[in-house]
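The structure appears right after this line, and notes come after that.
The values are calculated or read from the model by the stated rules, or taken from the named source; none is laboratory data. Given the structure is predicted, the values throughout are model-derived calculations rather than measurements. Cβ sites come from the backbone with ideal geometry, for glycine too, and all protein chains shown count toward neighbours. Please note that ligands, DNA and RNA were not included when accessible areas were found on the heavy atoms of the full protein model with its side chains. Shrake-Rupley method; radii C 1.70, N 1.55, O 1.52, S 1.80 Å.
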Amino acid sequence: EVASKTQRIRVGSGGVMMTHYSPLKVAEQFRMLEALYPGRIDLGVGRAPGSDTRTARALAHGPGQLPLDAYPDQLLDLYGYLSDSLPHGHPFYGIKAMPEVETMPELWVLGSSLASAQYAAELGWAFCFAHFISQDGSERAIQLYRDRFQPSPFLAGPRTALGVSATVAPTDEEAEYLSWSRWCWRIAANHGERRGIPPPDDAIAFPYTEPERDYIEYMKSRSLHGSPERVRRGLEAVGAAHGVDEYVVVTITYDFAARKRSYALLAEAFGLSGVMA
């Protein structure tokens, strides 16, 4: 729907979790998007569960389920379907992802580990470090990707992005208030609970343990939240530290209107509100 209502901006996924889908299914879905909106589609993929462990098992359940160590082969198969280059001897050689199109989506690996950086480098795909999952080792992973990058038919040199969590509101105080929903949700997720995103008041009143309160203070110190100017400065600083080309911004709030406003305020802070079409 976003692509149908715009003309210039690129549209796509930050990360389709390949543990939940077959490469052919993903290839066909994004080939259809590429056929409808050529040259504007991004396909980012990852291997994180994307949920608690039990739900991840349910999503992957079935006779054809694959272990996490099948991920590199899934990436190769995905590229093979999108580029019509599955090698002779491949069990699915000759199967084509439909519809047939002359172009292909821009390919990204989303990850928060050195292994993901290595996969992206060896394949010659763009790499987005999932800073919103874990900030540890981010600069090392991006540097490893650059150092080991091997050119591919569609990408001559390394291209990087940083996936960050950011919450923007007119004031620092309101942004912190809204951010409590995400912080509480992260605490619940650590316990394997799937309670959804709580309202800020419920999140603030949650009966945290002392270690959990310490963890929230840690998240606060490493979180990008605040007024538009404060978050812009924070993004520019973390971007400069990593030397990335662009950002993927994730905003989690209880209220959808607050989420939309956060993106709008951030766009305005970077002077992008008039070009997002």
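Of the residues Gly94, Gly12, Gly163, the one that moves most in a GNM of the chain with alpha-carbon contacts below 10 Å is Gly94.
Comparing Pro207, Pro170, Pro198 in a Gaussian network model of the chain where C-alpha atoms under 10 Å apart are linked, the largest mean-square fluctuation is found at Pro207.
Rounded to the nearest 10 degrees, the angle from helix 138-148 to the longest Cα principal axis of the chain is 20 degrees. Pair-distance distribution of segment 122-255: all C-alpha pairs, bin width 10 Å, starting at 0; shares per bin in whole percent are 12, 37, 29, 17, 6, 0. Hydrodynamic radius of the chain by the Kirkwood approach over all distinct alpha-carbon pairs: 20.2 Å. Taking every protein chain into account, the accessible area of the chain amounts to 53 square angstrom per residue (probe 1.4 Å).
Once the chain from Asn190 to Ser83 is taken as fully extended at 0.36 nm per residue, the excess over their C-alpha distance is 34.6 nm. With contacts taken as Cα pairs under 8 Å at a separation of at least 6 residues, the chain carries a relative contact order of 17 percent. With all protein chains in place and ligands, DNA and RNA left out, the 1.4 Å accessible area ranks Arg31, Arg195, Arg47 as Arg195, Arg47, Arg31, largest first.
Solvent-accessible area of the chain (1.4 angstrom probe, protein heavy atoms only): carbon and sulfur portion equals 54 percent.
Residues of the chain were split at every exposed loop site, defined as chymotrypsin sites (Phe, Trp or Tyr not before Pro) in a DSSP loop with at most 15 other C-beta atoms within 10 angstrom, and the longest piece left, sites excluded, is 94-269. Springs join every pair of Cα atoms under 10 Å in this Gaussian network model of the chain, and among Asp77, Asp255, Asp42 the largest mean-square fluctuation is at Asp255. List the residues of segment 188-226 whose backbone N lies under 15 Å from a point placed 7 Å from the Cα of Thr171 along the Cα-to-Cβ direction. Output list for this probe position: 226. Estimated at 0.36 nm per residue, the fully extended path between Tyr218 and Lys25 surpasses their Cα-Cα distance by 65.5 nm.
Listed by chain and number, the lysines placed with their C-alpha closer than 19 angstrom to that of Lys260 are Lys5; residues fewer than eight positions away on the same chain are left out.
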